[in-house]
Amino acid sequence: MKTATHYFLAFVAYFIWGLTFPFATIVMPPLSSYSFVFLRVLMGSIVLIIFLGIKGEIKAWLLAFRTHFKALFLFALGPFTLSYILQFYGLQFTSPINQSIIAQTSIIWVIILNYFFFKQKPQLKFIFGIAIAIIGVLFLITDDKFSFSAGKIKGDIISIVAFASWGAYSSFSKPIAEKMPPLYSIASVLVISSIILVSFAFGTGLATQIMVLSLGQWAIMVYLGVVCTGLAYVIQLVGISGNEVKTEYVVYTGFIMPVVSTVYSVLFLSKEFTVRMLIGGILVILSAVVVQNRKNGQKTMLISD
């Protein structure tokens, strides 16, 4: 497969993920954040298990799953499940445009955590990049007088915490990814997360909530679960699998997410788009470009939604 094809597949994956933010607002409510995340990771785990079966790697995956269960369980319980719940709980209190832009700050947290836990000293441009990101986020979460908007500040702050947690997921994925293929890691984490969330989902009324979902909302849930949480991860994995593919260049394609989310939200959900949001989005994306633009990238399970 040509290198250009790998990058194109990564672009497709991030394009798919860009629709996650506006689509999620259509099914939340009636679904609680627990129910929403449970259904999504359950569908995604089923897709990945089927994919493993097609590849004839079920036995190899189960062996890796049993061997590294403790690390996978802690990983799924902490950064992964917590990140998902915070992200979609926060989305109930902010706009999909804001959150899709805030999502780009996760790479900042990756660099911070790598410095403190893996002794990877950041370059001067990182300090410059994080300063740009802070200014960009302030443009997003404040009004024209630079005072916090009561309507969105709660969701924006929760989203910032959520993507800090996603940064932890990406950073700490490296030790696990070195022990098994990324597909095995992602499939394992999704399965464990589904098991963790099942009691919370039913405890918050999943059985009742799914009964009131319309056909259109079910179609969106299938898209978010099967396509976004299942197929998109497979597509991304194929995209980063080439020997000549540089992971940092793959991550650049992730900047399409806020563009897709913004265009869809404005055209089909009648969401407001202001000059301040444009400036904030440009600054956040610019900061991620500055921080991520380094010679030697490392492969981590970079997941944003």
Handout entry: Lysine pair count for the stretch 3-292 [Cα-Cα under 30 Å; pairs on different chains or 8 or more apart]
Key = 26
Practice task
With a 10 Å radius around each residue's Cβ, average the other Cβ atoms per peptide and rank 160-170, 47-57, 273-283, highest first.
Solution key: 160-170, 273-283, 47-57
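If packing is taken as the average count of other Cβ atoms within 10 Å, what order do 69-79, 92-102 fall into, highest mean first? Can you show the working numbers first?
Values: 69-79: 16.9, 92-102: 25.5.
For the peptides 69-79, 92-102, the packing ranking is 92-102, 69-79.
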Exercise for the section: Rounding to the nearest 20 debye, state how big the charge dipole of the stretch 3-292 is about its Cα centre with +1 on each Lys and Arg Cβ and -1 on each Asp and Glu Cβ. Expected result: 500
Completion exercise
About its Cα centre, the stretch 25-157 carries a charge dipole, from +1 on Lys and Arg Cβ atoms and -1 on Asp and Glu Cβ atoms, whose size in debye to the nearest 20 is 480
Fill in the blank from the handout: For 68, 6, ascending order of other Cβ atoms within 10 Å (fewest first) is 68, 6
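We did not get these values from a lab; they are worked out from the coordinates using the rules stated. These numbers come from a predicted model, not from an experiment. Note that we place each Cβ from the backbone using ideal geometry, even for glycine, and neighbour counts take in every protein chain shown.
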